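First the structure, in the form of structure tokens, and then the observations on it.
Where a number appears in this text, it was derived from the coordinates with a stated rule and is not lab data. Because the structure is predicted, anything quoted here is derived from the model rather than measured. Here the Cβ positions follow ideal geometry from the backbone for every residue, glycine too, while neighbour counts run over all protein chains shown.
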Amino acid sequence: MSSGTRMLALLSLAAVIAMIVAAFSTAADEIELEREVSISEESDSFHAVSDSQGFNVNDRFDLIFDDGTVSLWYTEDTSASDPPSWELDLAFETLFTFEDNGNDRYDGEDIIVNTLELDDTTYSLTHSATILPDGGNKTTITASSEGGILTLVFVITTSPTSVDTVAISPSDVKLDIRISGLDIQGGADHVGLGISVDADLESSVDLEEVDDSSQLNLTQSSLGGFFRWADSAFVDGVQRPVGATWFDETLTLSYPSGQLVVHDPIIGIRSMAPLSGSLVKLGPIGEPLLYGLGLALATGVILGAVAIRTRKNH
């Protein structure tokens, strides 16, 4: 084969690769790489469902709020006859004030001053939906306890976004905890929020501290979820440390006392639909998929060219 013919063949091969990658890029752009969110709401409870769309494996999570308890159910593959799944329940049970012994967290040596039981508290709900600047939808549901002392704000999205400078993926639920107007007296200098944690029998839950945040990890085989919170919160507009105690299946978050405490945890899953899970934080939605397809296509075309040339040499 002459050098001119070889050069023409290489240019043709490059053109073919470019056309194939462009075709797959267009196809990927047309795939709805989002989660589809639907919400049913009553006066004091709601049920949100988030399904992944446009993936080889479609998973689902259900978020339910009722009587002060947040329940997260995860199903790995909704098309399977008996798919793996797990459940995590977070029950907001008590608010209390205490005199701290100096370690910024509640323990057995602290003195409790006042306690507010949340078991029988009723909540009122408000709900709004907005369109995200880069596409997709954001749903915000606010649950306020009687008297507005404890307010929980849930944010669920269909595509990646930031909420109050916190990046979340569509498989996360942003949860703002707001404590307002709690009676601080009798020498109390801290506020404690007691959250009872319950997982299904096949799962384990443990506390992990990482960098400037902490989280409860739920693990079941290869599946899992988490409840993560920053190690600081805004107390009357000033950033202050947050303490955490994990004992006997109860998580106690401790805040310096103030008229308004704002904390910003995240409830999340490890999604089976990769681009609707935590990977979306690494770059544009299509990037990992297109890279994988491009690499596979380039490898396939090159191997094909090698095979053709080998046959011609025989």
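Which residues among the stretch 100-141 fall inside the zone where the amide N is under 18 Å from a point 7 Å beyond the Cα of Ile39, along Cα→Cβ? Under 18 Å, as judged by backbone N against the label point of Ile39, lie 123-133, 135-141 of the stretch 100-141. Exposure proxy shown here: for Arg270, Arg240, the number of other Cβ atoms within 10 Å sets the order, fewest to most, as Arg240, Arg270. Contact order, relative form, for the stretch 195-276: 26 percent (alpha carbon pairs under 8 Å, 6 or more residues apart, mean separation divided by residue count).
Near the amide H of Leu132, under 5 Å away, which other amide H atoms are found, from residues 5 or more places off or on another chain, if H is placed in the peptide plane? Under 5 Å from the amide H of Leu132: Asn137, Lys138. When you restrict to C-alpha pairs under 8 Å that are six or more residues apart and normalise by the size of the stretch 90-268, the relative contact order lands at 24 percent. The order of Phe61, Phe226, going from fewest to most other C-beta atoms within 10 Å of their C-beta, is Phe226, Phe61. With one equal scatterer per alpha carbon and no solvent term, the Debye-computed log10 I(q)/I(0) for the stretch 90-268 at 0.10, 0.14, 0.16 1/Å reads -0.41, -0.81, -1.05. Here the stretch 163-177 and the stretch 40-91 have alpha carbon centers that stand 17 Å from each other. Which of the three applies to the stretch 101-168, rounded, prolate or oblate, going by the alpha-carbon gyration tensor with a ≥ b ≥ c and a/c under 1.5 meaning rounded? Since a/c reaches 1.5 but b/c is at least a/b, the shape of the stretch 101-168 is classed as oblate.
Computed from the Cβ-Cβ distance with R0 of 22 Å, the FRET efficiency linking Asp231 to Glu117 stands at 0.25.
Any idea what the relative contact order of the stretch 45-148 is, in percent, if you count C-alpha pairs under 8 Å spaced at least 6 apart?
Working: 178 pairs, mean separation 18.0, N = 104.
Relative contact order here is 17 percent.
Restricting the GluC sites (Glu not before Pro) of the stretch 64-173 to loop positions (DSSP other than H, G, I, E, B) with no more than 16 neighbouring Cβ atoms within 10 Å leaves Glu109.
What list do you get for Phe227, Phe96, Phe234, Phe247 if you sort them by fewest beta carbons within 10 Å? Display every interim value, and only then the final one.
Details: Phe227 24, Phe96 21, Phe234 16, Phe247 11.
Ranking Phe227, Phe96, Phe234, Phe247 by Cβ neighbours within 10 Å, fewest first, gives Phe247, Phe234, Phe96, Phe227.
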